[in-house]
1. Taking the range 173-186, which residues are open to solvent by 10 Å² or more (accessible area, probe 1.4 Å) and either aromatic (Phe, Trp, Tyr) or modelled with pLDDT under 90 (or both)?
2. Is it the case that the range 151-168 has a residue that's modelled with pLDDT of 95 or more and hydrophobic (A, V, I, L, M, F, W, C)?
3. Of everything in the range 115-147, what is within 22 Å of residue 185 (Cβ to Cβ) and touching a Ser or Thr at 6+ places or on another chain (Cβ under 6 Å)? Give them in sequence order.
4. Give the residue that is most open to solvent (accessible area, probe 1.4 Å), with candidates limited to residues of the range 123-141 that are of a type in the set (S, T, N, Q) and assigned to a helix (DSSP H, G or I).
5. Which condition does residue 30 not pass, out of (1) closer than 19 Å to residue 189 by Cα; (2) touching a Lys or Arg at 6+ places or on another chain (Cβ under 8 Å), if it passes all the others?
6. Would you be able to say whether some residue in the range 51-71 is of a type in the set (Phe, Trp, Tyr), at negative phi and touching a residue at least 24 places away in the same chain (Cβ under 8 Å)?
7. Please count how many residues of the range 1-56 are β-branched (Val, Ile, Thr) and over 21 Å from residue 141 (Cβ atoms).
8. Restricting to the range 142-167, give me the number of residues that are farther than 18 Å from residue 82 by Cβ, assigned to a helix (DSSP H, G or I) and among the β-branched types (Val, Ile, Thr).
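The values are calculated or read from the model by the stated rules, or taken from the named source; none is laboratory data. None of these values were measured; they are calculated from a predicted model. Glycine also receives a Cβ, built like all others from the backbone with ideal geometry; neighbour counts cover every protein chain displayed. With ligands, DNA and RNA removed, areas are computed over all heavy atoms of the protein, side chains included. Shrake-Rupley method; radii C 1.70, N 1.55, O 1.52, S 1.80 Å.
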Amino acid sequence: MTILNAEGVVKRYPGKFALNGLTMTLEEGRIAGLFGPNGSGKTTFLRMVAGLAHPTRGKLAICGEPMGWRTRAHVAYLPDSDFLLDWMRVREAGKIYARLYDDFDGRRYEKLLEFMQLEPGQTFKSLSRGMREKLGLALTLSRRARLIVLDEPLGGVDPIAREQILGAIIREFRADSSMLITSHLIREFETVVDEAFYLKDGRIALSGDTETLREQRGKSLDEFYREVFAQ
């Protein structure tokens, strides 16, 4: 089943294009990396997929449905900025998500908190940057959504936290869903993603199955990144 389909997606702001004809498809059971430098339109596209922004033109569909209020239920989105209040405790964040989303799995959330060494009684304000990233990921992965969207999930976290986050992504991924991840840390996701999309000037400059790309051209995902964006 096709989970995500984008055809000629354009997003124009006054004086510039954030996206300029982006086309991509993501099938069920696949983890995809969306790679590109700052300003390439990655976050703009993820916000569209999450239903928080709308394309100027083009087509965007989730699970065969055109983007709209119904498709939001299919998408679990982790933004690249803090979205919880300082006073909120870890356990309360889970309760709020359970009220907001029918597909939230409380037991999975508890297991993820234990796996990532987060205490339910801690407040969001007391958490380090890495712990905040892990909490956001625990909340997002605890939903039984068809499409998991992660915007820079490793941003600003230490190597140990990175290992825990990557471990959670691999461990909790379900074959009946798909995942779309943006990151500047290409090497960290070398063995995680099944597909790679390189976003340049608002459109996909290079894409493909990661194993096929590596076998045909003898390069790593990081080397492809340098090749695409050095031009």
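1. Within the range 173-186, the subset open to solvent by 10 Å² or more (accessible area, probe 1.4 Å) is 173-176, 184-185.
Matches in the range 173-186: 173, 184, 185.
2. Scanning the range 151-168 turns up no residue that is modelled with pLDDT of 95 or more and hydrophobic (A, V, I, L, M, F, W, C).
3. Within the range 115-147, 147 is the sole residue that qualifies.
4. Initially, the range 123-141 is screened for residues of a type in the set (S, T, N, Q), giving 123, 126, 128, 140.
If we keep only those that are assigned to a helix (DSSP H, G or I) as well, we get 126, 140.
Details: 126: 72, 140: 2 Å².
That would be 126.
5. (2)
6. Start the filter on the range 51-71 by keeping residues that are of a type in the set (Phe, Trp, Tyr), which leaves 69.
If we keep only those that are at negative phi as well, we get 69.
Now drop any that are not touching a residue at least 24 places away in the same chain (Cβ under 8 Å), which leaves none.
No; the residues of the range 51-71 include none that is of a type in the set (Phe, Trp, Tyr), at negative phi and touching a residue at least 24 places away in the same chain (Cβ under 8 Å).
7. 7
8. The number of residues fulfilling the criteria is 1.
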